[in-house]
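One structure below.
The values are calculated or read from the model by the stated rules, or taken from the named source; none is laboratory data. Predicted model only: the values in this text are computed from it and were never measured. Cβ coordinates were reconstructed from backbone atoms using ideal geometry, including for glycine residues, and neighbour counts include every protein chain displayed.
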Amino acid sequence: MTDRFNLYRYASPATFYPLAGALIPYFAAVSVVFGLAGLWLGMLVAPTDFQQGEGYRIIFIHVPASWMSMFIYLVMAFWAAIGLAFNTRLSGMMAQALAPTGALMAFLSLWTGALWGKPMWGTWWVWDARLTSELILLFLYIGYMALTAAIDDARRADKAGGILLLVGVVNIPIIYFSVKWWNTLHQGSSVNLTKSSMAETMLWGMLLMAMCFWMYSIAVAFARVRTIMLERERHTDWVKALLAGDEK
Amino acid sequence: MLKIILAVVGRDLKLAMRRQADIVSALFFFVIVVSLFPLGIGPEPDLLRKLAPGVLWVAALLATMLSLPRLFADDHRDGTLEQLALAPHPLGLVVTGKVIAHWLVSGLPLALIAPVLGVQFDLSGDALLVLTFAILIGTPALSGIGAIGAALTLGLRGGGVLLSLLVLPLYIPVLIFGAGAVDATVTGLGGEGHLSLLGALTFASLGFAPWASAAALKIALE
Amino acid sequence: MLEADNLECVRGERRLFAGLGFRLEAGELLYLQGRNGAGKTSLLRMLIGLLPPENGEIRWRGQGIRKLGEDYRAELCYLGHLNAIKEELTPLENLLAAAHLADEELSEDEALDALEQVGLAGREDLACKYLSQGQKRRVALARLVKERRALWILDEPFVALDVAAVGWLAGIVGGHLQRGGLAVMTTHQPVDIPAGQVRELRLS
């Protein structure tokens, strides 16, 4: 019983709300710093690619966005698993707060991919394995958001969304594998940790931008989870006390 | 374990037989969608032969989607789903039975009529055989994965559209390997690899999907 | 036998009840009373294990019902406000299918006898969609005639029944209590049950 009590305490919205609020400025600031450094490195320092010219520089947005779109789905699935296993209130709220950012990242990845594809391949869209998988990932995000929006009861929405996320996470490798089998047109993976085909400055620029996106996602997700908490818990004592305090 | 699955299959089949119009209309939907394609793209046999696997499979996905919203909704509305959830067996076994029954009345008829439609697309005998076999072993996966979506959207407003949004992306591997098997046969590469992967997908989804659906149903019944 | 301890129910944003508890022994009947929306049906759904309580525990023979799972459900009979009958099937098929799916023994003769008791003799082979509302309710109630599970949970069983049928159902429930069964039911109008110890619980 004591274990459960502790878990509830840490996962309690009343405790997490002020904590998230205090952390947001730090994550936002770190994101800006990383972003500026990454853009400086990517746009000004990194050499022009001898094959792709200046246009390649869009990968400093494209690649981190793709990474984040996949990573955020995994984090959401993680929260879903925690929520279903321990029945904590916070987990479902975190998953819901992350979903729009994940969808945004998937969309950004597709959009920048198209912008990059036009000069490189001569076409906006190619049915290549990774672009297609990214598109399907966007569908999965939209499906999750549509499902949770369609269920009125918040707890039920969390649980149903959680099951969908876990089903999705099991399916993503299968979908990726099948799409890859179906077509591999894309050039090989651009970042390879053992044998990098890129200049070191490019890799650093990309990693810095990835950190920037990561910190941004955390800051935005925290801001969103705070509003979700207020909305869902508006009848609890702590929210009433908080709102009364604001009005004075 | 087998007893309860068979009991559910038996009951659902009996119900389906008293509502044959539903089976027939899903089947006709399949036939009509497939027949529209030549009208839209023109009658050149070469082109049709190339498009046939994809067209037939996409139509099969859509035809399966038609009957999915009612998989649990009827039982939910009249209270039988509660009784099934209260029966002294794991709910996953009940769902397994319902998935099998759904396949028997939706997937199996598609497989039986597919060769006739394949002839309209000028497919060779080999390709027709592979097409039938692929639809036969691939559609159980559609029923299984679809059950998860049907359970998640049970009782929701606009559940049917939402169901397609959730389920169709998850159908992509089945579409790829199913259509790929026929395509590989048409081009002379042999579809065995695709077919075995399709079989693996069906096995995995029949093992996994009923339990995910059962978890979703319990949430819907709260 | 059946104990509830410190139950709390929250639906949406409303707390329907908290700190609710009771104890029910063999041969006892629990009447749940309360105005509409007081949480009677929610409490029943907790007792059958479909709705997890926000707080508190329900025990059957000393063990938590969540842990017992199928063993608990094997001793439970629930009759909701929905009839749980299939319109396409006949009354006889409905009874047999329900028993089959619940893993109960029910022969065709027993089922016919049950239907005769609820006044549906001669209608056994008519699809349920052709029956009136009251007759459909009787098909659902016919399940109780041969039901030998220990715990009956009935949601408004007397609604929409005529006087004769109310008396008949009271007798069926009384027989169940006499055999040492337990029953929990919600109702607006208390009905005299001819046997067993009656307890009342009022939700407000």
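In this structure, does residue C:23 turn out to be part of a loop (DSSP other than H, G, I, E, B), more than 14 Å from chain B (Cβ to nearest Cβ) and under 15 Å from residue C:200 (Cα atoms)? Before you say what the answer is, go through the steps one by one.
On the way: part of a loop (DSSP other than H, G, I, E, B): no; more than 14 Å from chain B (Cβ to nearest Cβ): yes; under 15 Å from residue C:200 (Cα atoms): yes.
No; evaluated as a whole, the condition is false for this residue.
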Please give the number of the condition residue C:12 fails out of (1) within 9 Å of chain B (Cβ to nearest Cβ); (2) more than 20 Å from the chain's Cα centre (by Cα).
-> (1)
Would you call residue B:60 touching a Leu at 6+ places or on another chain (Cβ under 6 Å), crowded, with 22+ Cβ neighbours inside 10 Å and either within 19 Å of residue C:88 (Cβ to Cβ) or away from chain C (no Cβ under 14 Å) (or both)?
-> yes
What is the one condition in (1) over 18 Å from residue A:172 (Cα atoms); (2) buried (at least 24 other Cβ atoms within 10 Å of the Cβ); (3) within 10 Å of another protein chain (Cβ to nearest Cβ) that residue B:159 does not satisfy?
-> (2)
Within the stretch C:44-86, work out how many residues are facing chain B (nearest Cβ under 9 Å) and either without any contact (Cβ under 8 Å) to a residue 12 or more places away in the chain or part of a loop (DSSP other than H, G, I, E, B) (or both).
-> 18
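Quick grid of which residues meet (1) within 20 Å of residue B:87 (Cβ to Cβ); (2) hydrophobic (A, V, I, L, M, F, W, C):
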position: C:77; (1), (2): yes, yes
position: C:80; (1), (2): yes, no
position: C:90; (1), (2): no, no
position: C:99; (1), (2): yes, yes
position: C:105; (1), (2): yes, no
position: C:116; (1), (2): no, no
position: C:120; (1), (2): no, yes
Could you count how many residues in the stretch C:100-118 are part of a loop (DSSP other than H, G, I, E, B) and either within 14 Å of another protein chain (Cβ to nearest Cβ) or under 15 Å from residue C:141 (Cβ atoms) (or both)?
-> 6
Please enumerate the residues belonging to the stretch A:153-172 that are more than 9 Å from chain B (Cβ to nearest Cβ) and at pLDDT below 90.
-> A:154, A:172
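Being more than 10 Å from every other protein chain (Cβ to nearest Cβ) and surrounded by 14 or more Cβ atoms within 10 Å (Cβ to Cβ) is the filter here; which residues of the stretch B:186-197 pass it? First the steps, then the outcome.
Within the stretch B:186-197, the first condition is being more than 10 Å from every other protein chain (Cβ to nearest Cβ), and the residues that meet it are B:186-192, B:195-196.
Within the stretch B:186-197, B:186, B:191, B:195 qualify.
What number of residues within the stretch C:166-204 satisfy the criterion of being part of a helix (DSSP H, G or I) and under 16 Å from the mean Cα position of the chain (by Cα)? Reasoning before the result, please.
Taking the stretch C:166-204 as the starting set, the residues that turn out to be part of a helix (DSSP H, G or I) are C:166-178.
Filter once more, keeping what is under 16 Å from the mean Cα position of the chain (by Cα): C:166, C:168-177.
Counting residues in the stretch C:166-204 that are part of a helix (DSSP H, G or I) and under 16 Å from the mean Cα position of the chain (by Cα) gives 11.
Answer with yes or no whether residue C:26 is in the same structural domain as residue C:126 (by TED's automatic domain parsing), closer than 26 Å to residue C:145 by Cβ and not aromatic (Phe, Trp, Tyr). So that I can check it myself, show each step before the final result.
Values: in the same structural domain as residue C:126 (by TED's automatic domain parsing): no; closer than 26 Å to residue C:145 by Cβ: yes; not aromatic (Phe, Trp, Tyr): yes.
In short, no.
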Out of (1) at pLDDT 90 or above; (2) among the β-branched types (Val, Ile, Thr); (3) touching an Asp or Glu at 6+ places or on another chain (Cβ under 8 Å), the one residue B:185 does not meet is (1)
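Please go through the stretch C:159-171 and give me each residue that is within 23 Å of residue C:26 (Cβ to Cβ) and surrounded by fewer than 20 Cβ atoms within 10 Å (Cβ to Cβ), ordered by number. Walk me through how you get there before you give the answer.
Looking only at the stretch C:159-171, we keep the residues that are within 23 Å of residue C:26 (Cβ to Cβ), and these are C:169-171.
Once the filter is applied, which keeps residues that are within 23 Å of residue C:26 (Cβ to Cβ) and surrounded by fewer than 20 Cβ atoms within 10 Å (Cβ to Cβ), the stretch C:159-171 yields C:170, C:171.
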Single match in B:68, B:84, B:39 (criterion: out of contact with any helix residue (DSSP H, G or I) (no Cβ under 6 Å at 6 or more places or on another chain) and aliphatic (A, V, I, L, M)) = B:39
Could you please find all residues in the stretch C:121-172 being in contact with a strand residue (DSSP E or B) (Cβ under 8 Å, 6 or more places away or on another chain) and charged (D, E, K, R)?
-> C:143, C:147, C:149, C:155, C:156
Answer residue from the stretch C:87-99, given it is within 7 Å of chain B (Cβ to nearest Cβ) and within 21 Å of the chain's Cα centre (by Cα) and is farthest from residue C:143 (Cα to Cα) among those = C:97
Residue list for the stretch B:1-53, filter: away from chain C (no Cβ under 14 Å), in contact with a Leu (Cβ under 8 Å, 6 or more places away or on another chain), exposed (fewer than 15 other Cβ atoms within 10 Å of the Cβ) and aliphatic (A, V, I, L, M) | B:41
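Identify, from the list B:122, B:126, the residue that is in contact with a helix residue (DSSP H, G or I) (Cβ under 8 Å, 6 or more places away or on another chain), in a helix (DSSP H, G or I), more than 25 Å from residue B:66 (Cβ to Cβ) and of a type in the set (Asp, Glu). Outline the logic, then answer.
Values: B:122 fails: in a helix (DSSP H, G or I).
Selected residue: B:126, the only one of B:122, B:126 that is in contact with a helix residue (DSSP H, G or I) (Cβ under 8 Å, 6 or more places away or on another chain), in a helix (DSSP H, G or I), more than 25 Å from residue B:66 (Cβ to Cβ) and of a type in the set (Asp, Glu).
Let's see how each residue does on (1) more than 14 Å from every other protein chain (Cβ to nearest Cβ); (2) under 30 Å from residue C:48 (Cα atoms); (3) hydroxyl-bearing (Ser, Thr, Tyr); (4) in contact with an Asp or Glu (Cβ under 8 Å, 6 or more places away or on another chain):
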| position | (1), (2), (3), (4) |
| --- | --- |
| B:69 | no, yes, no, no |
| B:72 | no, yes, no, no |
| B:78 | no, yes, no, yes |
| B:86 | no, yes, no, no |
| B:97 | no, yes, no, yes |
| B:108 | yes, no, no, no |
| B:120 | yes, no, no, no |
| B:126 | yes, no, no, no |
| B:150 | no, yes, no, no |
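Here's the yes/no breakdown for (1) crowded, with 19+ Cβ neighbours inside 10 Å; (2) under 23 Å from residue C:47 (Cβ atoms):
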| position | (1), (2) |
| --- | --- |
| C:88 | no, no |
| C:91 | yes, no |
| C:102 | yes, yes |
| C:108 | no, no |
| C:150 | yes, yes |
